[in-house]
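This report concerns only the one structure given below.
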Amino acid sequence: MKQEYIQSFMLKNGEAFEPYALKNIEEKLKTLDDSNSAVILGLSFQKPTVILIIAILLGWDRFFLNDVGLGIVKVITCQGCGIWWLIDIFSAKKRTYEYNMKKFNEALFLVS
């Protein structure tokens with residue numbers, strides 16, 4: 001992939017990944033063909049800060065991270081009597097980073 005596309009991807013999505021993973025992502029992007037760049041550049045990732053705010057205010061963070069089953073159980077149990085809500089606040093950013101990395105790796109697998 002061209003360097004300008006890589007820089008564009010990193011600027012657009014840099015905050016969606018953990019800082020230590022950015023170098024690895026950049027190396028993976030360098031190995032891609034230019035014909036596959038549109039698929040990768042078209043991906044949209046969840047922003048960890050936004051997911052944290054949603055977790056604090058609404059408790060619907062699991063729905064945004066494609067964890068619908070647990071999201072429904074969480075809502076039905078009134079956030080697990082508040083305990084689940086508190087745990088999710090502290091783990092929201094980490095789960096968002098993991099979700100974004102999984103989505104990136106799945107896209108790389110599909111274009112390879």
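The values are calculated or read from the model by the stated rules, or taken from the named source; none is laboratory data. As the structure is a prediction and not an experimental result, all values here were calculated from the model. Quick reminder, even Gly has a Cβ in these numbers, built from the backbone with ideal geometry, and neighbours come from all protein chains shown. Note: accessible area is taken over every heavy atom of the protein model, side chains too, but ligands, DNA and RNA are not part of it. Shrake-Rupley method; radii C 1.70, N 1.55, O 1.52, S 1.80 Å.
Of (1) over 14 Å from the mean Cα position of the chain (by Cα); (2) within 19 Å of residue 24 (Cα to Cα), residue 60 satisfies all except one. Which?
Unmet condition: (2).
Which ones in segment 21-33 are part of a helix (DSSP H, G or I) and more than 18 Å from residue 49 (Cβ to Cβ)?
23, 24, 25, 26, 27, 28, 29, 30
Every residue, every condition in (1) open to solvent by 30 Å² or more (accessible area, probe 1.4 Å); (2) at pLDDT 95 or above, yes or no:
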| site | (1), (2) |
| --- | --- |
| 1 | no, no |
| 5 | yes, no |
| 30 | yes, no |
| 47 | yes, yes |
| 58 | yes, no |
| 77 | yes, no |
| 80 | no, no |
| 83 | yes, no |
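How about segment 60-72: which of its residues are surrounded by 16 or more Cβ atoms within 10 Å (Cβ to Cβ), in contact (Cβ under 8 Å) with a residue 12 or more places away in the chain and over 24 Å from residue 14 (Cβ atoms)?
Correct list: 62 only.
Every residue, every condition in (1) in a helix (DSSP H, G or I); (2) hydroxyl-bearing (Ser, Thr, Tyr); (3) crowded, with 18+ Cβ neighbours inside 10 Å; (4) modelled with pLDDT of 95 or more, yes or no:
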position: 35; (1), (2), (3), (4): yes, yes, no, no
position: 43; (1), (2), (3), (4): no, no, no, no
position: 50; (1), (2), (3), (4): yes, no, no, yes
position: 74; (1), (2), (3), (4): yes, no, yes, no
position: 91; (1), (2), (3), (4): yes, yes, no, yes
position: 104; (1), (2), (3), (4): yes, no, yes, yes
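Among all residue pairs at least 6 apart or on different chains, which show Cβ distances below 6 Å where the first residue, located in segment 92-105, is farther than 16 Å from residue 10 by Cβ and the second is β-branched (Val, Ile, Thr) and crowded, with 21+ Cβ neighbours inside 10 Å?
92/51; 96/51
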